[in-house]
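The values are calculated or read from the model by the stated rules, or taken from the named source; none is laboratory data. Every value quoted in this text rests on a predicted model; they were computed, and no experiment measured them. Cβ coordinates were reconstructed from backbone atoms using ideal geometry, including for glycine residues, and neighbour counts include every protein chain displayed.
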Amino acid sequence: MKNSFNITLNEKIIYSYAAKPAPARLRRYFDEIDNKMSDGIQLGEHYEKQPSLMQKLQYVSLKLFDAIERKDNNLIELLSAYLMSRSPDLKNILITEIDDLINLKLI
């Protein structure tokens with residue numbers, strides 16, 4: 001069975017992804033993304049100088065949600081593949097959006 005995950009916004013599935021084999025050059029690019037994020041990322045109002053894997057996944061999930069809203073299909077595919085490569089057990093990204101506040105939970 002292929003690895004896959006859904007993104008749910010306010011209890012409605014807005015996106016589904018089924019993993020595809022990632023070519024070597026894409027896997028190397030994922031490593032570059034990790035290295036860049038290791039220098040620090042902005043998560044909400046907090047800047048994480050040395051983010052954990054979970055914080056990186058949250059950051060990428062937020063970027064994926066933004067790409068979905070903008071209908072940037074190339075970025076959606078790239079970020080989805082990144083998430084599956086780093087968290088193959090990922091099943092759901094639950095997002096609750098109230099006004100300008102976003103709550104995100106990875107399952």
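Observations on the model:
- Filtered by the rule that a residue be surrounded by 18 or more Cβ atoms within 10 Å (Cβ to Cβ), in contact (Cβ under 8 Å) with a residue 40 or more places away in the chain and in contact with a strand residue (DSSP E or B) (Cβ under 8 Å, 6 or more places away or on another chain), region 82-107 gives LEU83, MET84, LEU90, ILE93, ILE95, LEU104.
- Failed item in (1) surrounded by 11 or more Cβ atoms within 10 Å (Cβ to Cβ); (2) within 17 Å of ILE107 (Cβ to Cβ); (3) modelled with pLDDT of 95 or more; (4) not polar (S, T, N, Q), with LYS12 passing the rest: (1)
- Condition check for ASN35: over 20 Å from LYS12 (Cα atoms) and polar (S, T, N, Q): yes
- So GLN50, is it on the phi < 0 side of the Ramachandran plot and surrounded by 15 or more Cβ atoms within 10 Å (Cβ to Cβ): no
- Looking across region 73-107, just one residue is of a type in the set (D, E, K, R) and under 14 Å from ILE14 (Cβ atoms), and that is GLU97.
- Within region 1-28, residues that are under 17 Å from LYS63 (Cβ atoms) have Cβ atoms under 8 Å from residues that are among the acidic types (Asp, Glu) in these pairs: LEU9/GLU97, counting only partners at least 6 apart in sequence or on another chain.
- Among the numbered conditions (1) modelled with pLDDT of 95 or more; (2) at positive phi, the only one that LEU57 does not meet is (2).
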